[in-house]
1. Taking the highest mean first, how do the peptides 356-362, 330-336, 135-141, 243-249 order by number of other beta carbon atoms within 10 angstrom per residue?
2. Go through Gly154, Leu223, Gln198 and say which Cα lies farthest out towards the positive end of the charge dipole of segment 98-226; charges sit on Cβ, +1 for Lys and Arg, -1 for Asp and Glu.
3. Go through Ala290, Gly334, Gly246 and say which Cα lies farthest out towards the positive end of the charge dipole of segment 227-346; charges sit on Cβ, +1 for Lys and Arg, -1 for Asp and Glu.
4. Arrange the following residues from fewest to most other Cβ atoms within 10 Å of their Cβ: Thr301, Thr317, Thr166.
5. Mind sorting Leu223, Leu339 by how few other Cβ atoms lie within 10 Å of their own Cβ, fewest first?
6. Rank these for me by crowding, Ser173, Ser294, Ser321, going from fewest to most other beta carbons within 10 Å.
7. For segment 239-294, give the magnitude of the charge dipole about the Cα centre (Cβ charges: +1 Lys/Arg, -1 Asp/Glu; no others), in debye to the nearest 20.
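The numbers here are math on the coordinates, done by the rules we state, and not lab data. It should be emphasised that the depicted structure is a prediction, and the values quoted were computed from it without experimental measurement. Cβ sites come from the backbone with ideal geometry, for glycine too, and all protein chains shown count toward neighbours.
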Amino acid sequence: MHIRHARGWRAASVIPAAAFAASVLLAAAPPGADPLAVSATPAGETRTAPAAVAVPAQPAPDRLQALAEGRGAAAIAGLGVTALASTVEPLMVAPRDPPRPASALYGESGFGLVSDVPFTQAVDCGGYSCQVRLDIYVPTGPGPFPTVVLARGGPGGLGGRRYLATFARELASRGLLVFNADYRDEAADGGGYPAAFQDLSCAVRFARSEASRYGGDAGALTLVGHSLGAWVGSVVALDADEFKGGCLADGSGRPDAFVGLAGNYLIDAGEVDSDLYAFFGGSATATAAARVASNPFKYATRLPIPVRLVAGGWDVTVYPSASIALNAFLKGRGWNVELTLVPGASHMSILQASDSGGPSVAAVFSAISAARCTADAIDPVKGRRGR
């Protein structure tokens, strides 16, 4: 069974109750908590819950109010995994701002913002030519800053990246150089397979080539995907052959580490929901080859990189079963992978930070640290040792 929504990445297999109960041992839930309860439902959306789980109607939630205190790895030292607040941020597509440099103060640390930077050549966007864009969040301070590429969920169309602005500011305030990237995620706009995967690979290449200009260190570049972006990002990260085409920058389009937040990695070719249809642009039969090619479970055969997965225990948009399955798959192949199940967290609230960082922030720093520890390994794709 799949759940369907009008926007955002919504497809996921229902996790069996027994399997989920065993998985919760990874992170103990608060006493009396229902691990599959719904914390909040954005206005205008309908959610389908697992059997025997009631989904009460909820008022529209307030927007995320993330706290940013401290910087770098020291700020998340000793972080424990606890239930997060139920406040979520609904998926919203903000109007595009004109390209401009700007600065802002967030929490206790400042950062600079460079908006609407093109990172692809002119590509097909559904009958017209366009360039896919990203926003760059530059921390204050001397650097060098570890470099992160964010991949938002969807399908939401170009411009949808701005719902990750709060999370991007959180990471930048902690000393990370952040490239918050769009990609073509709707077949009607020239996206889907392979365009979405090529775009994210181009974003990685662009961030790698431009990082030093903004004080960044691309030696342990980390790709962080949320929801649909976690699925697309996982294929980009696990495919050793790399996706190519339409990039402004050369070099490796494969990240040095990957973080998947609430990702649906289980692509079921036997059923089509509204989001999969929008992404692939056709029925399961018509898009069977594309679904097989974009299945992360066909990859991870060589060249391992560190992987960190985070899923919410109360996520009924994409059930934790997807992250549990990918974690087991990668562990079975000897990869450096860690899974964090967050009791009480929903699909959007796993992006919510706290004054200690939050599990998703912790996963990003953990991936960066692991990538740095393996930076001297020879990677035939990149063709050189270390970075």
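1. The most tightly packed comes first, giving 356-362, 135-141, 243-249, 330-336.
2. Leu223
3. My answer, from the dipole projection, is Gly334.
4. Fewest to most other Cβ atoms nearby, the residues stand as Thr301, Thr166, Thr317.
5. Leu339, Leu223
6. Fewest to most other Cβ atoms nearby, the residues stand as Ser321, Ser294, Ser173.
7. Its charge dipole is roughly 100 debye.
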